[in-house]
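Novice: Pasting a structure here, questions to come.
The values are calculated or read from the model by the stated rules, or taken from the named source; none is laboratory data. Keep in mind the model is a prediction, meaning the values are calculated, not measured. Cβ placement follows ideal geometry from the backbone for every residue including glycine, while neighbour counts extend to all protein chains displayed. Surface accessibility is based on the protein's heavy atoms, side chains included, excluding ligands, DNA and RNA. Shrake-Rupley method; radii C 1.70, N 1.55, O 1.52, S 1.80 Å.
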Amino acid sequence: QVRLVESGGGLVQVGGSLRLSCAASGGTFSRWVMAWFRQAPGKEREFVARIIGSGDISYVTNSVKGRFTISRDNAKNMLYLEMNSLKPEDTAVYYCAASEIFYSDSESRYGYWGQGTQVTVSS
């Protein structure tokens, strides 16, 4: 079965950087649309970034544009989220997700999810 496992979260200071990783298994990773979502305390889950199977096209939501970069390494079945210039409002549980067909910012279009990794940005 499909399995997604996030790692790389932790506690960082304002302005710091962190790289999240998502290890995928159990499917044809190179054909999946991959995405990152996050959920802050007391708030609903929100879309962060997505990338097509080849990695040639990606999109990052406006609130993190210029600071976050999504990428993938299909040879290693890995998805990444490089986070720079972190702010307290970036504090959230970050989730990796996969879609077999949709290139979307809607969580309902993603059929597979990881357990999440906590990112805490101290002010």
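Novice: Before anything else, pin down the relative contact order of the chain: Cα pairs under 8 Å, at least 6 apart, normalised by residue count, whole percent. Could you put the intermediate results ahead of the total?
Specialist: Values: 313 pairs, mean separation 43.8, N = 123.
Relative contact order here is 36 percent.
Novice: Related question: What is the gain in length, in nm to one decimal, between Ser108 and Ser25 on full extension, counting 0.36 nm per residue of separation less the C-alpha to C-alpha distance?
Specialist: Working: separation 83, 0.36 × 83 = 29.88 nm, distance 2.08 nm.
The span from Ser108 to Ser25 would gain 27.8 nm if fully extended.
Novice: Turning to a different aspect of this structure: Give me the lysines in straight-line cross-link reach of Lys43: C-alpha distance below 30 Å, same-chain residues under 8 apart excluded.
Specialist: Lys65, Lys87
Novice: Could you pull out which residues in the stretch 98-123 have an amide N less than 19 Å from a spot 7 Å beyond the Cα of Gln39, following the Cα-Cβ vector?
Specialist: What the label zone holds, given the 19 Å backbone N cut-off, is 98-99, 105-121.
Novice: Quick one: the Cα spread of the stretch 1-70 along its three principal axes, in angstroms, biggest first?
Specialist: Principal axes ranked by extent give 37, 24, 23 Å for the Cα atoms.
Novice: Give the carbon-plus-sulfur fraction of the accessible surface of the stretch 10-123 in %, rounded to a whole number; probe 1.4 Å, heavy atoms of protein chains only. It would help to have the intermediate numbers written out before the result.
Specialist: Working: 2590 of 5850 Å².
After summing per-atom areas, the C and S share lands at 44 percent.
Novice: When the convex hull of the Cα atoms of the chain is projected onto a plane and the area is averaged over all directions, what value comes out in nm²? Let's see the in-between values first.
Specialist: Values: hull surface 27.2 nm².
The number I arrive at for the chain is 6.8 nm².
Novice: A further question on this structure: Calculate log10 I(q)/I(0) of the stretch 42-107 for q = 0.13 Å⁻¹, where I(q) comes from the Debye formula with a single equal point scatterer on each Cα and nothing for solvent.
Specialist: These q points yield log10 I(q)/I(0) values of -0.37.
Novice: Apply 1/(1 + (r/R0)^6) to the Cβ-Cβ distance of Ser123 and Asp56, taking R0 = 41 Å, and write down the FRET efficiency to the nearest 0.05.
Specialist: Values: r = 37 Å, r/R0 = 0.90.
Working from the Cβ atoms, E equals 0.65.
Novice: So if we plug the beta-carbon distance of Ser71 and Gln13 into 1/(1 + (r/R0)^6) with R0 = 22 Å, what FRET efficiency do we get, rounded to 0.05?
Specialist: Working: r = 24 Å, r/R0 = 1.08.
It comes to 0.40.
Novice: Also, quick follow-up: Using a Gaussian network model of the chain with C-alpha springs under 10 Å, which one of Ile101, Ile51, Ile70 is most mobile by mean-square fluctuation?
Specialist: Ile101
Novice: How much accessible area per residue does the stretch 12-65 have, in Å², with a 1.4 Å probe? Provide the component values of the computation, followed by the final result.
Specialist: Details: 2780 Å² over 54 residues.
Per residue, the stretch 12-65 has an accessible area of 52 Å².
Novice: Looking at the chain as a GNM with Cα springs under 10 Å, which of Lys43, Lys87, Lys65 has the largest mean-square fluctuation?
Specialist: Lys43
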